[in-house]
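See below for the structure under consideration.
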Amino acid sequence: MKLFRLPSLALLAAVLLFSACKGKSTKDLIVKKWKFTDFSGKEFEGMPDSVKTKMMDATMEFKKDGKYENAGMGESTKTGTYKLSDDGKSLYTTDEGSSFTDSLNILEISETKLVVADKKGEVKITLGAK
């Protein structure tokens, strides 16, 4: 009878382990403060090094309530709202006081890394968890 219990317990343990390791959703992963770590694309070509250095000090914080703060890119902190597509592959941001919504593809997201690109694939930005 004890031999019967061992496979059952092993199966139960495997199911629990699999459930615990199940990946978080994009919605859960994006909520944190991110720091710019890399960027590429036409928009950045010819940009002075001083501006690039300032960009690397910038942060982007996505909050649970659907709001964001972008600090370090200018003299003031930008705020606004964000939304994720149902499939978690697109990020939409709207600066406070603006009616324009920026749309980005989420190329990669994990606990420590977020990579986004514009819809044309011409600009790519990598952020690391701060």
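The values are calculated or read from the model by the stated rules, or taken from the named source; none is laboratory data. All of these numbers come straight from a predicted model, not from anything done at the bench. Backbone-built Cβ (ideal geometry, glycine too); neighbour counts: all protein chains shown.
Matching residues to (1) among the acidic types (Asp, Glu); (2) in contact with a helix residue (DSSP H, G or I) (Cβ under 8 Å, 6 or more places away or on another chain):
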| site | (1), (2) |
| --- | --- |
| 33 | no, no |
| 43 | yes, no |
| 54 | no, no |
| 59 | no, no |
| 67 | no, no |
| 91 | no, yes |
| 96 | yes, no |
| 120 | no, no |
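Of all residues in the stretch 79-112, which are touching a strand residue (DSSP E or B) at 6+ places or on another chain (Cβ under 8 Å) and farther than 18 Å from residue 31 by Cβ?
Taking the stretch 79-112 as the starting set, the residues that turn out to be touching a strand residue (DSSP E or B) at 6+ places or on another chain (Cβ under 8 Å) are 79-85, 88-96, 98, 100-109, 111-112.
If the condition is that a residue be touching a strand residue (DSSP E or B) at 6+ places or on another chain (Cβ under 8 Å) and farther than 18 Å from residue 31 by Cβ, then 95, 96, 98, 100, 101, 102, 103, 105, 107 are the ones that fit.
Among the residues of the stretch 84-101, those identified as surrounded by 12 or more Cβ atoms within 10 Å (Cβ to Cβ) and either without any contact (Cβ under 8 Å) to a residue 12 or more places away in the chain or over 23 Å from residue 52 (Cβ atoms) (or both) are 84, 85, 88, 89, 90, 92, 94, 101. Residue count for the stretch 118-130 under the criterion of being more than 20 Å from residue 40 (Cα to Cα) and either more than 13 Å from the chain's Cα centre (by Cα) or modelled with pLDDT of 95 or more (or both): the result is 0.
Tell me which residues, restricted to the stretch 33-49, are touching a residue at least 40 places away in the same chain (Cβ under 8 Å) and closer than 27 Å to residue 120 by Cβ. Of everything in the stretch 33-49, those that are touching a residue at least 40 places away in the same chain (Cβ under 8 Å) and closer than 27 Å to residue 120 by Cβ turn out to be 34, 35, 36, 37, 38, 39, 40, 41, 42, 43, 44. Screening residue 41 on (1) exposed (fewer than 12 other Cβ atoms within 10 Å of the Cβ); (2) in contact with an Asp or Glu (Cβ under 7 Å, 6 or more places away or on another chain) shows it passes everything except condition (1).
For the stretch 118-130, the candidate set comprises residues that are in a strand (DSSP E or B) and not basic (Lys, Arg); within that set, the residue that is surrounded by the fewest Cβ atoms within 10 Å (Cβ to Cβ) is 128.
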